[in-house]
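S.K.: Have a look at the structure that comes next, please.
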Amino acid sequence: QVQLVESGGGLVQAGGSLRLSCAASGSSFSANAMAWYRQAPGKQRDIVAAISSGLTTTYAESVKGRFTISRDNTKKTVYLQMDSLKPEDTAVYYCAERAYGSSKYGNWGQGTKVTVSS
């Protein structure tokens with residue numbers, strides 16, 4: 001199976017920044033869409049941002065203007081730059097991959113925890 005490994009989570013004060021990284025191992029990384037999801041305690045897992053193989057990006061309304069998703073195909077890594085963090089951003093953040101020809105994000109990482117204090 002393709003492995004996704006997230007890193008970069010931690011504790012930060014409101015207004016601060018963090019950059020999450022997701023390292024992929026699949027040979028078809030550059031052709032696949034990538035996304036970041038998050039899940040807060042007691043809530044469902046929701047998509048935060050996504051980036052296509054053609055570098056088209058989409059964002060959840062709650063993070064527009066604050067978060068930026070990017071990818072480095074040479075390093076097989078996707079990033080999530082998070083600025084102006086708010087306490088409501090506290091969650092476990094997951095990296096996900098949608099393979100070519102698939103309509104769903106079928107590969108998931110283990111998650112990295114982000115805690116934003118007030």
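The values are calculated or read from the model by the stated rules, or taken from the named source; none is laboratory data. Keep in mind that what you see is a predicted model, and the values were worked out from it rather than measured. All Cβ positions, even for glycine, are placed from backbone atoms using ideal geometry, and neighbour counts span all protein chains on display. These accessible areas exclude ligands, DNA and RNA; they are computed on the full protein's heavy atoms, side chains included. Shrake-Rupley method; radii C 1.70, N 1.55, O 1.52, S 1.80 Å.
S.K.: Got a sec? Which strands (runs of 3 or more DSSP E) wholly within segment 58-118 have at least 2 residues that are β-branched (Val, Ile, Thr), more than 13 Å from residue 37 (Cβ to Cβ) and touching a Leu at 6+ places or on another chain (Cβ under 7 Å)?
M.R.: 112-117
S.K.: Quick test of your reading of the structure: residue 26 fulfils all but one of (1) surrounded by 15 or more Cβ atoms within 10 Å (Cβ to Cβ); (2) assigned to a strand (DSSP E or B). Name the failing condition by number.
M.R.: (2) is the only condition that residue 26 fails.
Residue-wise test of (1) small (Gly, Ala, Ser); (2) open to solvent by less than 70 Å² (accessible area, probe 1.4 Å); (3) touching a residue at least 12 places away in the same chain (Cβ under 8 Å).
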{"residue": "56", "(1), (2), (3)": "no, no, no"}
{"residue": "67", "(1), (2), (3)": "no, yes, yes"}
{"residue": "85", "(1), (2), (3)": "no, yes, yes"}
{"residue": "106", "(1), (2), (3)": "yes, yes, no"}
{"residue": "111", "(1), (2), (3)": "yes, yes, yes"}
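S.K.: When you scan segment 68-118, how many residues do you find that are among the β-branched types (Val, Ile, Thr) and over 21 Å from residue 42 (Cα atoms)?
M.R.: Qualifying residue count for the region: 5.
S.K.: Now, a different point. Can you pull out the residues in segment 1-20 that are of a type outside the set (Lys, Arg) and farther than 26 Å from residue 103 by Cβ?
M.R.: 7, 8, 9, 10, 11, 12, 13, 14, 15, 16, 17, 18
Yes/no matrix, rows are residues, columns are (1) more than 22 Å from residue 2 (Cα to Cα); (2) of a type in the set (Lys, Arg):
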{"position": "20", "(1), (2)": "no, no"}
{"position": "26", "(1), (2)": "no, no"}
{"position": "36", "(1), (2)": "no, no"}
{"position": "62", "(1), (2)": "yes, no"}
{"position": "75", "(1), (2)": "no, yes"}
{"position": "81", "(1), (2)": "yes, no"}
{"position": "94", "(1), (2)": "no, no"}
{"position": "105", "(1), (2)": "no, no"}
